[in-house]
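What follows is one structure encoded as structure tokens, with my remarks underneath.
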Amino acid sequence: MLEIRKFGDPVLKSRATPVKKFDESLARLAGEMIETMHANEGVGLAANQVGYLKRILVATADDKDYVLVNPEIRERSSEVVTSTEGCLSIPHVQVDVERARRVVVSGQDLEGNPVEIEAEEPLAIILQHEIDHLDGILILDRTDRESRKRALREMRERTLAGRQ
């Protein structure tokens with residue numbers, strides 16, 4: 001299993017680079033990411049969350065696992081939803097985030113073949129969240145100012161309580 005990077009690690013605010021080499025090491029990384037995601041009861045995981053600045057994400061919805069390499073959102077519905085999101089890299093924090101209800105995401109599979117996914121919530125929300133990670137954007141960057149301040153205060157308090 002891979003180590004999930006936590007809030008404050010600079011890799012989480014870094015933009016991942018496109019994958020150019022589709023080989024066994026990429027397939028191994030995807031498998032380890034899926035294993036890590038499930039072991040931590042997550043629904044998505046981006047490579048930079050486990051310390052790799054590569055544009056690859058994994059997600060799960062409706063008992064199906066997805067692997068997307070070099071994903072890009074091609075289309076977003078004008079209809080949005082606000083849902084409470086958590087993040088494996090920001091434990092114990094949940095904030096409301098507004099996202100498109102439906103997206104079309106293109107990318108590649110582990111062999112480099114083109115892939116397109118038309119997704120509605122919840123998968124659409126998961127994919128937007130993970131693509132944000134690949135761009136160095138966290139849920140705290142997507143929520144309103146008050147929610148962000150509250151979440152940061154709660155994280156500080158937990159950190160201080162843990163030191164006592």
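Residues that are more than 17 Å from residue 98 (Cα to Cα) and of a type outside the set (Lys, Arg) within segment 136-164 comprise 136, 152, 154, 155, 157, 159, 160, 161, 162, 164, listed in sequence order. The set of residues from segment 1-25 being open to solvent by less than 70 Å² (accessible area, probe 1.4 Å) and touching a Lys or Arg at 6+ places or on another chain (Cβ under 8 Å) comprises 11, 12, 16, 19. Scanning segment 30-59 for residues that are open to solvent by less than 10 Å² (accessible area, probe 1.4 Å), farther than 18 Å from residue 13 by Cβ and assigned to a helix (DSSP H, G or I) turns up 30, 33, 36, 37.
Annotation note: Cβ proximity below 6 Å between a residue of segment 136-164 that is without any contact (Cβ under 8 Å) to a residue 40 or more places away in the chain and a residue that is in a loop (DSSP other than H, G, I, E, B) (sequence gap 6+ or interchain) occurs for no pair. Between 20, 54, the distinction of being of a type outside the set (Phe, Trp, Tyr) and more than 16 Å from the chain's Cα centre (by Cα) belongs to 20 only. Within the option set 140, 127, being surrounded by 20 or more Cβ atoms within 10 Å (Cβ to Cβ), among the hydrophobic types (A, V, I, L, M, F, W, C) and touching a strand residue (DSSP E or B) at 6+ places or on another chain (Cβ under 8 Å) holds for one residue only, 127. Between a first residue in segment 18-41 that is of a type in the set (S, T, N, Q) and a second residue that is in a helix (DSSP H, G or I), which pairs have beta carbons less than 9 Å apart while being 6 or more apart in sequence or on different chains? Short answer, once both residue conditions are applied: 36/49; 36/50. Can you tell me which residue is nearest to residue 140 (Cα to Cα) among those in segment 60-86 that are open to solvent by less than 20 Å² (accessible area, probe 1.4 Å) and in contact with a Leu (Cβ under 7 Å, 6 or more places away or on another chain)? The extreme case among them is 71.
The values are calculated or read from the model by the stated rules, or taken from the named source; none is laboratory data. The structure presented is a predicted model; accordingly, all values stated were derived computationally and were not measured. No Cβ is skipped: glycine too gets one built from the backbone with ideal geometry, and neighbour counts run over all protein chains shown. Please note that ligands, DNA and RNA were not included when accessible areas were found on the heavy atoms of the full protein model with its side chains. Shrake-Rupley method; radii C 1.70, N 1.55, O 1.52, S 1.80 Å.
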